[in-house]
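These notes concern the structure reproduced below.
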Amino acid sequence: MATEVERDRDYALGEVRRQAAGCQNCPLWEIGTQTVFGVGPASAMLMLIGEAPGYQEDQQGMPFVGPAGRLLDDALAQAGIDREDIYVTNTVKHRPWVPGGRQGKNRPPKQNEINACRPWLEQELAIVRPQIVGCLGAIAAKWILGRDFKLSQQRGRWLSSDVAPHVLATIHPSYVLIQPSDSRDRCRNTFFADLRLIGQKLTELERRAA
Ligand code: SF4
């Protein structure tokens with residue numbers, strides 16, 4: 001059963017979620033269906049942070065529910081991580097996209113959009129206070145670890161930051177999906193291996209806390 005402190009944190013998170021639902025701090029709200037806020041318990045030891053919602057996320061209002069989300073689910077399952085126990089969110093809460101095709105085309109968030117959305121992720125981090133942060137992609141990694149972070153050189157290494165003692169950055173699952181067939185398996189294996197590192201760290205910290 002949840003303790004009173006945990007209930008207070010879940011309530012605080014719910015309040016921030018309600019406020020973010022009406023956010024108009026950058027132009028993305030005008031082209032998005034809805035704010036896609038983070039999901040998971042406020043007491044989560046692990047927070048995964050991606051880039052921004054895609055088409056399915058925009059439609060359903062949930063992070064990581066499209067093709068990239070399914071790949072993430074596979075990686076979490078193989079790493080022994082229960083998605084119900086972790087907090088999953090993005091650096092930007094509305095979908096950045098441009099017209100094209102049936103669903104529009106995702107585009108990376110611009111720096112002004114990332115900056116405008118920063119307070120929401122800051123509040124999620126302040127309430128959840130995760131022990132481990134997994135950054136999915138360079139945008140999340142630079143948000144947490146600073147502009148000088150280089151995913152090509154520092155991916156898969158344990159680092160620390162002001163927001164969490166254990167931070168590991170890996171590739172975004174969408175990046176795996178857009179790889180040509182001859183390199184997709186290698187990329188997928190890298191992503192899965194990094195998620196296993198996160199799973200091992202989570203198990204280690206849970207044992208210590210027990
Ligand atoms: S992307 Fe973030 S800052 Fe921009 S409108 Fe949506 S919630 Fe607000």
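Observations on the structure shown:
- Hey, Ala141 under 15 Å from the mean Cα position of the chain (by Cα), on the phi < 0 side of the Ramachandran plot, surrounded by 14 or more Cβ atoms within 10 Å (Cβ to Cβ) and assigned to a helix (DSSP H, G or I) or not: yes
- Some residue of the range 99-109 being out of contact with any Leu (no Cβ under 9 Å at 6 or more places or on another chain), away from the ligand (no atom under 15 Å from the Cβ) and not in a loop (DSSP other than H, G, I, E, B): yes
- Hey, Asp58 within 14 Å of the ligand (Cβ to nearest atom), free of Cβ contacts under 8 Å to residues at least 40 places away in the same chain and acidic (Asp, Glu) or not: yes
- Considered as a group, the residues in the range 1-54 that are small (Gly, Ala, Ser) and more than 15 Å from the ligand (Cβ to nearest atom) include one that is nearest to Ile198 (Cα to Cα), and that residue is Ala44.
- Residue that is surrounded by the fewest Cβ atoms within 10 Å (Cβ to Cβ), among those in the range 5-63 that are under 17 Å from Lys105 (Cα atoms) and hydroxyl-bearing (Ser, Thr, Tyr): Thr33
- Condition broken by Asn112, with the remaining ones in (1) more than 16 Å from the ligand (Cβ to nearest atom); (2) out of contact with any Leu (no Cβ under 8 Å at 6 or more places or on another chain) satisfied: (1)
- Of all residues in the range 104-117, those that are in contact (Cβ under 8 Å) with a residue 40 or more places away in the chain have Cβ atoms under 7 Å from Cβ atoms of residues that are away from the ligand (no atom under 13 Å from the Cβ) and not β-branched (Val, Ile, Thr), 6 or more apart or on another chain, in Gly104/Tyr55; Asn106/Gly54.
Every number here is computed from the coordinates shown, using simple stated rules; none is lab data. Note that the structure is a prediction, hence the values are computed from the model and not measured. For neighbour counting, all protein chains shown are included, and Cβ atoms are generated from backbone atoms with ideal geometry for every residue, glycine included.
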